[in-house]
Structure formats: structure tokens, C-alpha cells
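A quick write-up on the structure given underneath.
The values are calculated or read from the model by the stated rules, or taken from the named source; none is laboratory data. Since the structure is predicted, the reported quantities are computational estimates derived from the model, not experimental observations. Please note: Cβ atoms are built from the backbone with ideal geometry, for glycine as well, and neighbour counts cover all protein chains shown. For the accessible areas, the whole protein counts, side chains as well, though only heavy atoms, and no ligand, DNA or RNA atoms are used. Shrake-Rupley method; radii C 1.70, N 1.55, O 1.52, S 1.80 Å.
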Amino acid sequence: MNITDNLRKIKDSLPVNVNLIAVSKFHPFEAVQELYDAGHRIFGESRMQEIDEKHKHLPSDVEWHFIGHLQRNKVKDIIPYTHTIHSVDSPRLLAEIAKQTEVQEKEVRCLLQIHIADEETKYGFSIDECKELLNKGEWKNYNYAYIGGVMGMATYTDDKEQVRDEFRKLKRLFDELKQEYFASDDRFSEISMGMSGDYQIAIEEGSTMIRIGTTIFGEREY
Ligand SMILES: *Cc1c(COP(=O)(O)O)cnc(C)c1O
């Protein structure tokens, strides 16, 4: 099967409320172009240099999603063409995105990355840190950067029940935040969870955005 068939097969299987982010990292822009020509518009990248180069080769109506760890000094460069940043993992990063979107008068949707996995990683808010950020309330003053939901990655394991529990935890947090901070804000609506190995479980547990690389493009060569 070619990548267009892979994409179609996944898309045809999705509930209508779930969006597919085609994660094109480590694959050439021609592969993105092929899916673009087949009508797909939403692509995800996780490395700053790669998205900065790749986007130049593609039409401007591609909806670029940044999904990797983002350094604050790189924020201003990706703002002009980035639609959504899934990986907002610190108050300082959010503040920098707010500042640069203000300067550039460019709206960017931000998802708060929550650490749900049973794995050591430097990235992502704990549930308490996330609530602390929201309680402080500075985000309410941002004009161009808005919080559109949450993102999380489950533990890389064959234990499907563990993966399900972690996705449930993220869904529960989303529901709680929605009620407590965003009840009247329709833009807070996304739960970005699910990758090639676990997206079916993520959808069952309430995902609205799945981020799929390998199942569409094949294995990455690092
Ligand atoms: C690479 C990546 C994906 C896609 O992973 P696959 O297993 O290839 O589908 C999804 N989310 C993030 C944050 C990634 O870095």
C-alpha cells in the first residue's frame, strides 16, 4: 500500500469528531505533498529545524501542528505558519508564545501537554502544575495565544489496560478543566491523544485528535 492508501484507510475508520494529524517527521516534503494532493491538510512535526525547512516547500494552507519539545528561543520563528502547538509544557513557554503571537498578531492554538505516562521524562505538566498555571490566570489576558485543550502520551508498553488508564486520566482532567476554567469557552475542546500503536484505545477513551506517523508513512530512519 502507498501512503495515500494508508491515510485513507485510517481516515475512513475515524469517528467524525476525531481529527487526524499526519506526523511527517523524518519524511521528505514530497511525502507531505502527496497527501496534500490527496486532500489532506493537517500535518505534525516535532523538530524545529525540520518544520522550518519543510513548510517552505508546501502550500500555505497546510495546517501545521507542532508536537515536539519547543525551545523558547525558537518560538518566534514557527509562529508565522503554525496553527497549533500540542506541546506547551511550561508556563514560561506559554508566556513566550503569548508574547510572540502578540508581536506578530497571529493567533495560535495551544494545547497543554500533560505528563500521564509511567515514564521518566522532562516534559509535560503534572496535573497539579497544570492547575496552578490555570489558577494564576495570566493566560486569560493573552489575545492571540489561546488554550484549546490538552495533549498526552501514554507509556510505551504492551499493557493495554495501563495505556487505557492513562488516557482515561487525561480525559478526566480535560473534563475537570473544562468545567472549572473553560465552561463558557468553546475553543477549549481538544484532547490530543493516540499514536500509531494506541490510537484505537485513545479514541475509545475520548480522543479528538490522533497523531499518526508510522502507520501512514512507514518506519522512520533516524
Ligand atoms: C512521532 C510522534 C508521534 C507519531 O508517532 P507514531 O508512533 O509514528 O505514530 C505522535 N506524537 C508525538 C508527540 C510524536 O513525537
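Within segment 20-49, track down each residue that is polar (S, T, N, Q) and surrounded by 18 or more Cβ atoms within 10 Å (Cβ to Cβ).
Ser24, Ser46
Out of segment 111-124, which residues are more than 14 Å from Glu180 (Cβ to Cβ) and within 15 Å of the ligand (Cβ to nearest atom)?
Once the filter is applied, which keeps residues that are more than 14 Å from Glu180 (Cβ to Cβ) and within 15 Å of the ligand (Cβ to nearest atom), segment 111-124 yields Leu111, Gln113, Ile114, His115, Ile116, Ala117, Glu119, Thr121, Lys122, Tyr123, Gly124.
May I ask you to list the residues in segment 92-125 that are of a type outside the set (Val, Ile, Thr), in a helix (DSSP H, G or I) and within 17 Å of the chain's Cα centre (by Cα)?
The answer is Leu93, Leu94.
For segment 158-184, enumerate the residues that are farther than 21 Å from Asp118 by Cα and in contact with a helix residue (DSSP H, G or I) (Cβ under 6 Å, 6 or more places away or on another chain).
Tyr181 - this is the single residue of segment 158-184 that is farther than 21 Å from Asp118 by Cα and in contact with a helix residue (DSSP H, G or I) (Cβ under 6 Å, 6 or more places away or on another chain).
May I ask you to list pairs of residues, at least six apart or on different chains, whose Cβ atoms are under 7 Å apart, with the first in segment 1-12 being under 14 Å from Tyr36 (Cα atoms) and the second being open to solvent by less than 60 Å² (accessible area, probe 1.4 Å) and aromatic (Phe, Trp, Tyr)?
If the second residue must be open to solvent by less than 60 Å² (accessible area, probe 1.4 Å) and aromatic (Phe, Trp, Tyr), the pairs left are Ile3/Phe217.
Tell me which residues, restricted to segment 178-197, are open to solvent by less than 20 Å² (accessible area, probe 1.4 Å) and within 13 Å of the ligand (Cβ to nearest atom).
Once the filter is applied, which keeps residues that are open to solvent by less than 20 Å² (accessible area, probe 1.4 Å) and within 13 Å of the ligand (Cβ to nearest atom), segment 178-197 yields Ser192, Met193, Gly194.
Here's the yes/no breakdown for (1) more than 28 Å from Ser13 (Cβ to Cβ); (2) at pLDDT 95 or above; (3) touching a strand residue (DSSP E or B) at 6+ places or on another chain (Cβ under 8 Å):
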{"site": "Ile114", "(1), (2), (3)": "no, yes, yes"}
{"site": "Lys131", "(1), (2), (3)": "yes, yes, no"}
{"site": "Val163", "(1), (2), (3)": "no, yes, no"}
{"site": "Ser184", "(1), (2), (3)": "yes, yes, no"}
{"site": "Thr208", "(1), (2), (3)": "no, yes, yes"}
{"site": "Ile212", "(1), (2), (3)": "no, yes, yes"}
{"site": "Glu221", "(1), (2), (3)": "no, no, no"}
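Being more than 9 Å from the ligand (Cβ to nearest atom) and not charged (D, E, K, R) is the filter; apply it to segment 213-222 and report the residue that is least open to solvent (accessible area, probe 1.4 Å).
If we take residues in segment 213-222 being more than 9 Å from the ligand (Cβ to nearest atom) and not charged (D, E, K, R), then Gly218 is least open to solvent (accessible area, probe 1.4 Å).
Evaluate the following for Lys11: is it in contact with a Phe, Trp or Tyr (Cβ under 9 Å, 6 or more places away or on another chain) and charged (D, E, K, R)?
no
Go over the candidates Ile201, Ile210 one by one and state the one that is assigned to a helix (DSSP H, G or I), farther than 26 Å from Lys136 by Cβ and within 14 Å of the ligand (Cβ to nearest atom).
Ile201
Among Glu138, Glu107, Glu161, which is free of Cβ contacts under 8 Å to residues at least 24 places away in the same chain, away from the ligand (no atom under 16 Å from the Cβ) and either surrounded by fewer than 16 Cβ atoms within 10 Å (Cβ to Cβ) or not charged (D, E, K, R) (or both)? Talk me through it step by step, then tell me what you get.
Working: Glu138 fails: free of Cβ contacts under 8 Å to residues at least 24 places away in the same chain; Glu107 fails: free of Cβ contacts under 8 Å to residues at least 24 places away in the same chain.
Only one candidate passes the filter, namely Glu161.
Can you name the residue in segment 50-100 that is polar (S, T, N, Q) and in contact with a helix residue (DSSP H, G or I) (Cβ under 9 Å, 6 or more places away or on another chain) and, of all such residues, is most open to solvent (accessible area, probe 1.4 Å)?
Among those residues, the one meeting the criterion is Ser60.
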